[in-house]
Amino acid sequence: MKKIYLSFLTLLLSFSFLSQQIDNGSMEEWDDLGSSQEEPNNWNSFMSATGGLALFGSQQVGQSSDIPIGSIGMYSARVFSKSTFGIIANGNLTLGQINMGSSTANSPDNFNYSNTSDADFSQALNLMPDSIVFWVKFEASSNMDSARIHAVIHDDYELHDPIDAASESHVVGAAGLNYGVTNGWVRKSVPFEYSGASSTPEFILVTFTTNKTPGGGADGDAIFIDDVELIYNSPAGINEIDLVDWVSYVSEKGLLFSEGFNIESEIKIYSTTGQMIRTASVQELKGTQLKSGFYIITHRLGSYKVLAH
């Protein structure tokens, strides 16, 4: 719900060294914790919905201490479906605002939208990331069901998701994925496709739902979401660093980083299967020796594959 506003110094450091990210993608900050209004900071669900049926919105998100191994935080968001009078309301977590306009699940009067006039219900973004990555655990009563993520980068317009006719001309790019029940936590990476009619990125609307079909699934189906990040393989806005070879591996010296990096910058090391190996600062990881093989080294400005040998 409500955004946390960073200090001027924090913002300055963020824009000096990092590409833009989604606020509170780590799900560590929460509003109204312990109440029926509980939501992750900067994210919204039914308790902050608008529309004619908003008064009937129920709590369908909560803080969870169930997190993936290697997570940098302590909490994830549990998003769950709920049955009311036999009608399934999919769990729904978004950077925008939910509009509840109809009791018919697939009605066009039900949508999420970027409320661009309200920073609590919109996420500014003026860059074009290559992909969106996140950790998820999906539990459902049927292995045939699929949960969904959909992310849309758009210009200054109150874009609707699902995309309606009026929104189509405002789309810059989108990333979408339907995924099945997981066996514990898994890391998903979804590429953006920049084939939209607009070329002016100003906002991003991200939505996680417990089922790809409105009204689908069963009561109690749940997704656990953590560490949502944007990946920039062709970083923008960074001039101090040679981005062609910002990280390398030399067998006798271990991991090496460009001298332009802030030594406190956070680095994550993943296996090529998506398993997090380690998270630490540049200073702590300098000279780290890795077992032979390929690794994905991730900084907020992008990801790079290195070969340890």
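Bear in mind that the values in this text are calculations on the coordinates, not laboratory data. It should be emphasised that the depicted structure is a prediction, and the values quoted were computed from it without experimental measurement. Backbone-built Cβ (ideal geometry, glycine too); neighbour counts: all protein chains shown.
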Open item on the list: Need the full-extension length gain, LYS291 to LEU127, defined as separation in residues times 0.36 nm minus the C-alpha distance. One decimal, nm.
Closed with: 55.5 nm
Task: Listed peptides 103-114, 200-211 by packing density, highest first (mean Cβ within 10 Å) - done: 200-211, 103-114
Task: Gain upon complete extension [PHE85, LYS253; 0.36 nm per residue less C-alpha separation] - done: 54.1 nm
Open item on the list: Amide H of GLN123 versus every other amide H placed in the peptide plane: which residues, excluding those fewer than 5 positions away on the same chain, fall under 5 Å?
Closed with: ILE204
- [ ] Would you please give the FRET efficiency between GLU264 and ASN41, computed as 1/(1 + (r/R0)^6) with r the Cβ-Cβ distance and R0 = 25 Å, to the nearest 0.05?
- [x] 0.60
Open item on the list: Please check: in the Gaussian network model of the chain (C-alpha springs, under 10 Å), which one of GLU168, GLU29, GLU264 has the largest mean-square fluctuation.
Closed with: GLU264
Open item on the list: I want the local charge near THR94. Using Cβ-Cβ distances under 11 Å, sum +1 for each Lys or Arg and -1 for each Asp or Glu among the other residues.
Closed with: -2
Task: Net length gained if the chain between ALA119 and SER169 were fully extended (0.36 nm per residue, minus Cα distance) - done: 15.8 nm
Task: With Cα atoms, 0 to 90° folded angle of helix 8-17 axis to the chain main axis - done: 60 degrees
Open item on the list: So the label point goes 7 Å from the Cα of GLU193 along Cα→C-beta, right? Which residues of the range 143-158 then have their backbone N under 13 Å from it?
Closed with: 151
Task: Once the Cα gyration tensor of the chain is diagonalised, semi-axes √(5λ) in Å - done: 34, 22, 17
TODO: Give me the net charge of ASN126's neighbourhood, meaning all other residues with Cβ under 13 Å from the Cβ of ASN126; Lys, Arg count +1, Asp, Glu -1.
DONE: -3
Task: Cα-Cα pairs of the range 12-167 separated by more than 28 Å (percent) - done: 22 percent
